[in-house]
Every structure is written in C-alpha cells, then in structure tokens.
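The values are calculated or read from the model by the stated rules, or taken from the named source; none is laboratory data. Note that the structure is a prediction, hence the values are computed from the model and not measured. So basically every Cβ, Gly included, is an ideal-geometry build from the backbone, and we count neighbours across all protein chains shown.
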Amino acid sequence: MMNELYTKYMGLDLRSPLIAGSCNLTDNVANLKEIEKAGAGAVVLKSVFEEEIYLEYASELKKLGPMEDNLEFLDYYDVEIRQDNLKRYLDLIASAKAALHIPVIASINCVTSQEWSFFARKIEAAGADALELNLFILPSDLRQSSSDNENTYFEIIRRVTSQVTIPVSVKISPYFSNLGRMISDISASGIKGMVLFNRFYSPDIDIDQEIVKSAPKLSSPGDYRLPLRWIGMMASRVECDLAASTGIHDWETAVKLMLAGAKTVQLVSLLYKEGFKAISNFNTRIATWMETKQYASIDDFRGKLAMGPQVNPAEYERVQFMKTFSEYTR
Amino acid sequence: MSIDPETIKKERSAGWREALRAKTKNKDRIAIERVHMPELEPEIRVHHQDREVNRGLTLAQASLEASRCMDCVNPTCIEGCPVSINIPKFVKYIENGDILNAASTLKETNALPAVCGRVCPQEKQCESRCFYVEKLHKPSVAIGHLERFAADFERDSGNCNIPETLPPNGIKVATVGSGPAALSFAGDMVKYGYDVTVFEALHEIGGVLKYGIPEFRLPNAIVDFEIENLRKMGIKFVTNFIVGRTASFDDLKEEGFQGFFIGSGAGLPRFMEIPGENYNGILSSNEYLTRVNLMGANSDESDTPVLRGKNVAVIGGGNTAMDSVRTALRLGAEKATIIYRRSEVEMPARVEEVKHAKEEGVEFMTLCNPVEYFADKNGRVNRMRVVRMGLGEPDASGRRRPIVLEGSEFDLHVDLVIVAVGVSPNPLVPASLPGLKVSRWGTLIVDEDKMQTSLPEMFAGGDIVRGGATVILAMGDGRRAAEHMHAFLETERRGDEGTK
C-alpha cells in the first residue's frame, strides 16, 4: 500500500515530500543515512561551488611555498585541484547511492556554463538520480545587462540538459525584473523541477567596530512567504514541478507551501537548528493533519490554493494590494 | 650546503685571481657585449630530432664572455644556484685559460655540469642575481653557456677529472630512480665513501634527462658521459629493477642497504578531463616524448612507431610543451601550435625554448584553452573546440587568473594533440611503504632542510617531493639529502659503536 505522504518529484518516487536540501550537512554518507532514517523523501548533496574550489586552490598554494620554483608544475594546478574536488564529489555520489534507498540528487553551483556541462555527464554516470543546478548568478555584475544575465541561465540549462538523461532541476533567486515570466520560461526549457528560492550571502554592519560582516546564514521563519507567493502564483503556469526552499521552520509552513502548489519542500536551516529528527516530526504532523482533513494522499490537497490559470497574476496582485491596505484605514 | 663566505674570500684573494682582475678595468669589462650562443639554423634543425640547437661557444667566445665577470666581492650569483656552484671561481678559470680546472670546480658541487649548462633556467637563477642584472640592468654574464663550455671542453679533451672520494666505509645506500635528484645524491654520497647503488626501473639510466628532454636540447651521449663519470667514481647502476616490485625495501635492507634516497619522479601524466580526450591521437606529453626520446619510436624501423600528425596542437606553456611541439615539427608536422590559456609573459618555459620554438615555426595561440575534442568515424581526433580566455585579477599564485570568455568558442582542425599540463608523482613507492607520509597529491612529505621522510632511513627529493621541478632543483634536493643522510648514518654508526 502506498504511503499517504508519497509524492512524485521530477519523475522520482518519494516516500515523503520533505527533502534535505543542499548544505554542509549533506556532504557525508553518515549524515545522509541519518537523514534517510529520519524519513526524508530525498537528499540533495552539498553543492559543488566553483568559488570554494578556488579558495582551496589558494589555500593549497600557500602550503607549497614559492611559485617560481615550481612554475611548470603549478601552471595548471588549479585544474588538478578542481579535478580532485570533482572526483571526491563523484565518490560521494556513488557512496551515497550504495548506502541509501531514497533518491540522491547531486547539486552544482554554476558560475560559468561550459565547464559544468561535461561534469553533469559524470554525475549521471556516478549514479545520481537527478541533478539540481544552483544558478547562483549575482544580479550585481554591472558589466552585464539583464538580458545577458538571463541568457546565461538558459545557456547553462541547454548545455547541461543536452548532456544527461537524468532529470535536471534549477534553483533560482527571486532577483529578476519579471520573475513570473522568468519562472515560466525556465520551466519550459527542458528541466523537470524548479526550486524557489536560493539564498544569497547577506551583508550586515557592526556599528561598534564599523565593519561589514555577514548576516546570519540561516533563514528566518517569515522567509517562506516569498516562495509561498510565487509558488502559489506560478504552480498552474509552469511545465515542471516546483519545490519550495527557505524559511520552512514548522510543519504548518510545509503544508502551506504544498497547498500553494509545491511538490516538495526543502529543509536546511531547520536541520541545523533541530537536527534530523525534525524530519520525522514533520512527517508525523503532516500525516496527522491529512488524516484530520481526510486527505488520502498529498495529491489530494497539493495546489488546492494555487492561483488558477485563468487569473492574471498582475491584476490579482494589484487587487489584493488595494484590498489589504484599505483594511489599514484609521 | 652553501659555500662558506671565508672560503669565497680566500679563493678570491688568490694571486692569479688578483692578477686577472688587475689585467682588465671594470669599465672595459662592462663595455663587452654578452655573447650570443651560436645556433643551428632553424630550417636545418627542424628536420633533425638529434641535432643540438645550441652549438656551444668557442674558446675565444668563452674567454671573452668570462672576462665580463667582475669577480664580485660578494658574488650574489652563487646564491641563485640551487647547488651552490662556485661561479666566480669557474668563470675566472675560463678567463685564465684553465678550462680543466673550471670543469673541476663545477664538479665540486654539480654532478652533471654539461646537463645543467644546457637545461637550467639560468635567467631565473644564477644569472638573475648577476651584478649586471641587479645593479647595471644589463644582460648578465652568460653563466649557463660558460658552464656548458667548460663541461664540454673537459669531455672533448679526454682528461676528465674524476672527483676524489673518501675511503670506502662499507655502508650501502641505494637510490630509487636515476634521474637528476638521484644522480646528484649518488655523486655526493660516493664522495663521502658510501657504497652506492642506483636502482632504475627503465632500461636506461637518467630518468627525465633521457625520456623527457629531447636530444635537440640534451643529447643522450652527454647524459651517458656524465653517468659514466659517476660510474668511474664507484657508483653501481642496476636497470630494469623496480624497487617495491622486483624486490621490496625489506629485501634490500636484508641485503645490507641502510639508507635510501627516493627519486622516483613524477611520471604520471595529467589530463584536462574534457570531452573527447579519450580519442585516438590525443597523447600525454610523457608518452609522446618517452616514445621518441627513449624508445626511438620516431624511427621508420620502429615496431611501435609514435603517432604523427600534420596538424598538431600542444596544450601547455612549459618546457615540456615546448619540447613536445618542437618534436612534432621534427616528425613532419606542417603546422604545430602551442595552445596556452594565459599570455606568453606567464609561460613557465625557458625564454630560450620559446625563442627557438618560434624560430622553427611553432605558432602560439595564447589566451586560448581547449574545451572539447571531436573525432572522425575511426575515432581519430580531427577537430578541437577552443575557448578564448581573458586574464582577471592575480590569483593566489600572484599570476593573473585565466577567465573563460563565454561564447568565444571556435574550432581548429587537428590530427594530433599532445597534452602537456603537468605531471603527478609516481605512486609505486608510497604504495610500497605504508608508513611513509604522503601528501594529498601523492608527493612525499619531507623535512625541507634535510629531505628526510617520515621513515628516518628514507630520504627523498626531486619531482616525487616537489610534484614537478627543474633538473637543478632536483639536484639541489639530492645534495641536501646526501648531506643529511650522511649525518644520520654517522650518528647511527656512532650509536652502534657505543653500544658494543
């Protein structure tokens, strides 16, 4: 008998809509096994970051001493470090696949397009069930126009999807001048899933030391409202599955996002705060809620509160805005 | 290992040196232009793998060049030499017409002077520290050319000085490998009186000197002559012997070997792991050069001829890339191109090699990097896709970081590609000695002063420690290892005697 929490995401059978999202906790098999034991439907492995590889290259160079002595050896050293990192990642995928029964989704962070498409093939060969492209293209490069930035997304997707047969999802930011159109167009580009949204580094300022520092890295409970809005608006307008990410700190939020139309929700900050047992707690609470509501499956209520395809989102938004603020009259 | 300043001072004040300095005023020395090394014409040499490009200085040229040296009170050139050759002394011997003593001076610290005179990047070492460069901003004294001259003169004279060795002490030591690090180590250890055996896996002694460096840069006959001198000093050579397979280290210890120098090199090729790199016609530079230099696979009579191409691309910018691309020309390539992702200024290759390559017709496509290869229906490479690169901010190495220019790809027709992007250490020895500390990259971790590994009786140097280095740096490692292994074994011996 099929489990009531069963869902299908990107064509993958998941026993739960709760996915352990890509983070430092998903970079070793011991943790992945615990995550599976806690009841997650799938895991997304820690993302391979091009910038992290570069930092490792810088760190390794310091250990080696003067460059001049070894110039010929060090000339393509960054390539070797990159290859070593990628090999370790492929080993992680293979080990994870050998140890787990739930789907294993690999993740790569893409800054440049051509270097990663070949690696995508190797990820597939290592056994990954799917590939999540974390499209981390900061909208702050003043040399690029908006359309240049957007074109890079499609170019990356095109190159990667042409190389693999496993399902590909993309994780994007909300920073587009027409996010709705971008979500719609990306969904039609051949991908099977889209994760809304990734989190950029946020700066903060220490006014005592008068320095710029990093803001807290974990999400806040209220952060879910952004993906909630866009999933609700776009769930009936896209050609791929939608997954929610950021701000999911309680089981009710997970249910809200699924009511809005999310196929799955990704948990990261919660796992740091409460440990993997939070997955098990959420599964239990969601199942209990479903029983109360007499829902036999996730499909029975998923998307129930999504904005219908006949509604123009722009007009809907304006109407809602007017209605909400009219309630604030004195 | 550096020369004692008091020794330098004492030797400088020798009568003949003072007389030589007095003979010519410094301003007249400075007025002499640096000698130009005679070279075989490019249109001739490009058809011959075994004809040396540099023809060597004549006695007159060497003498005149040597007279440019001002015999500095504080010879900073010595500090630039990884094996601390007494440069002013040998140069002044040449000026004085005493070439054999010049050669003997070289051999006090350098087991392979004819080799170093040909392959050292002097412009980055001794010559970069020359007074002319540092203070006058003029071309340095041609120390490398003079070193080669003295070594060649001695060889041709038939009066080779064999350095003296101390009486045998009965202690056996071994090297694993016979490249420059191991030969340099062996040369010093035999002088200390040790019974030295050099074990080599291949059928030829010399390591990278034979399999890596083509004959148009370093004739095998030169290498063989240097090795023969080492043999005359009492060093034993055993070929076709893989330490760790033919015999284990324990086996050798049972035979009485008490110290080991690991100089097994870095012969594992590296590739770029890009699509299509597995197609036929794409070789590592290791394979390409070994086949030609060591196996004679460029010969028409070879049973296993090396692949030839009309349109050859070599990926990389170091000396190995230059050797590969120039070999390809000599093997009949109509077009031979270097593809390098940074600019020419950043190329690691010796300036002279790049100059020679250009003279011979090698084309240079800098700021380009391959991203994919394509093949014909037989699986032989016939096209490569290349992307243009820009140079960003300096990376951690201080050199500008190569950055892909998205969308700038273009295709080139090729039928042979040589990948010369670096090498990795030979994994056999670390695999044979589980107690040996090894870095993430497979290099042996050593005390950098003593070159001693985590196993006290094992010392190491050269590419197996550095990952990849020049001949002279490897030799410097060998010398340091010899000095400290000698100290270690002396301590062990005294300890044993104390307990008897």
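Odds and ends about this structure:
- Residues that are closer than 16 Å to A:S184 by Cβ and within 13 Å of another protein chain (Cβ to nearest Cβ) were ranked within region A:152-165; the one that is surrounded by the fewest Cβ atoms within 10 Å (Cβ to Cβ) is A:F154.
- Members of region B:423-437 that are within 14 Å of another protein chain (Cβ to nearest Cβ) and outside any loop (DSSP other than H, G, I, E, B): B:V423, B:S424
- Of all residues in region B:451-476 being in contact with an Asp or Glu (Cβ under 7 Å, 6 or more places away or on another chain) and at the interface with another protein chain (Cβ under 8 Å from one of its Cβ atoms), the one that is surrounded by the most Cβ atoms within 10 Å (Cβ to Cβ): B:G468
- Taken over region B:376-398, the criterion of being touching a residue at least 60 places away in the same chain (Cβ under 8 Å) and among the small types (G, A, S) is satisfied by B:G379 alone.
- Residue match in region B:283-298 (condition: in the same structural domain as B:A349 (by TED's automatic domain parsing), of a type in the set (V, I, T) and under 19 Å from the mean Cα position of the chain (by Cα)): yes
- Conditions (1) surrounded by fewer than 18 Cβ atoms within 10 Å (Cβ to Cβ); (2) under 19 Å from A:E50 (Cβ atoms); (3) not hydroxyl-bearing (S, T, Y); number of the one not met by B:G379: (2)
- Odd one out for B:V371 among (1) in a strand (DSSP E or B); (2) over 26 Å from B:L268 (Cα atoms); (3) within 11 Å of chain A (Cβ to nearest Cβ): (2)
- Boolean, B:G97 is assigned to a loop (DSSP other than H, G, I, E, B) and free of Cβ contacts under 8 Å to residues at least 60 places away in the same chain: yes
- Answer residue from region A:28-69, given it is among the acidic types (D, E) and modelled with pLDDT of 95 or more and is surrounded by the most Cβ atoms within 10 Å (Cβ to Cβ) among those: A:E36
- So A:I191, is it in a helix (DSSP H, G or I) and of a type in the set (A, V, I, L, M, F, W, C): no
- All conditions but one from (1) more than 24 Å from B:Q49 (Cβ to Cβ); (2) buried (at least 24 other Cβ atoms within 10 Å of the Cβ) apply to B:G206; the one that does not is (1).
- Qualifying residue in region B:389-402 (condition: part of a loop (DSSP other than H, G, I, E, B), modelled with pLDDT under 90 and either away from chain A (no Cβ under 13 Å) or at positive phi (or both)): yes
- In region B:485-498, the count of residues that are of a type in the set (S, T, Y) and crowded, with 23+ Cβ neighbours inside 10 Å is zero.
- Inspection of region B:473-494 identifies at least one residue that is closer than 30 Å to B:T366 by Cβ and not in a loop (DSSP other than H, G, I, E, B).
- Selection of region B:5-29 for residues being under 16 Å from B:F90 (Cα atoms) and acidic (D, E) yields B:E11, B:E18.
- Test: residue in region B:321-328 that is under 26 Å from B:V208 (Cα atoms), of a type in the set (S, T, Y) and at pLDDT 95 or above: yes
- Residue within region A:198-205 that is hydroxyl-bearing (S, T, Y) and closer than 20 Å to A:F136 by Cβ present: yes
- Residue within region B:442-453 that is of a type in the set (G, A, S) and closer than 19 Å to B:A186 by Cβ present: no
- When B:F364 is tested against (1) more than 10 Å from chain A (Cβ to nearest Cβ); (2) assigned to a strand (DSSP E or B); (3) farther than 22 Å from B:G332 by Cα; (4) at pLDDT 95 or above, only condition (3) is not met.
- Matching residues, region B:403-422, being at the interface with chain A (Cβ under 8 Å from one of its Cβ atoms) and either buried (at least 24 other Cβ atoms within 10 Å of the Cβ) or at pLDDT 95 or above (or both): B:V421, B:G422
- Region A:168-188: number of residues that are out of contact with any Asp or Glu (no Cβ under 8 Å at 6 or more places or on another chain) and not β-branched (V, I, T): 10
- Filter pass, B:I262 being β-branched (V, I, T), touching a residue at least 24 places away in the same chain (Cβ under 8 Å), outside the structural domain of B:K450 (by TED's automatic domain parsing) and farther than 26 Å from B:F153 by Cβ: no
- Hits in region B:125-177 (condition: surrounded by 17 or more Cβ atoms within 10 Å (Cβ to Cβ), more than 23 Å from B:G234 (Cβ to Cβ) and among the basic types (K, R)): B:R129, B:R148
- Filtering region B:310-349 to residues that are surrounded by fewer than 24 Cβ atoms within 10 Å (Cβ to Cβ), within 14 Å of chain A (Cβ to nearest Cβ) and not in a helix (DSSP H, G or I) leaves B:R342, B:S343.
- Candidates in region B:1-49 are the residues that are closer than 30 Å to B:A221 by Cβ and over 24 Å from the mean Cα position of the chain (by Cα); of these, the one that is modelled with the highest pLDDT is B:R34.
- Note on region B:225-271: among residues that are closer than 29 Å to B:K107 by Cβ and within 14 Å of chain A (Cβ to nearest Cβ), the one that is surrounded by the fewest Cβ atoms within 10 Å (Cβ to Cβ) is B:G267.
- Options A:S140, A:S173, A:S169; residue that is away from chain B (no Cβ under 14 Å), small (G, A, S) and surrounded by 19 or more Cβ atoms within 10 Å (Cβ to Cβ): A:S169
- The residues listed here are B:I222, B:I274, B:I213; of these, the one that is of a type in the set (A, V, I, L, M, F, W, C), touching a Phe, Trp or Tyr at 6+ places or on another chain (Cβ under 8 Å) and either in a loop (DSSP other than H, G, I, E, B) or buried (at least 20 other Cβ atoms within 10 Å of the Cβ) (or both) is B:I274.
- Any hit, region B:45-52, residues being outside any helix (DSSP H, G or I) and free of Cβ contacts under 8 Å to residues at least 40 places away in the same chain: no
- In region B:201-224, the count of residues that are over 30 Å from B:E353 (Cβ atoms) and without any contact (Cβ under 8 Å) to a residue 60 or more places away in the chain is zero.
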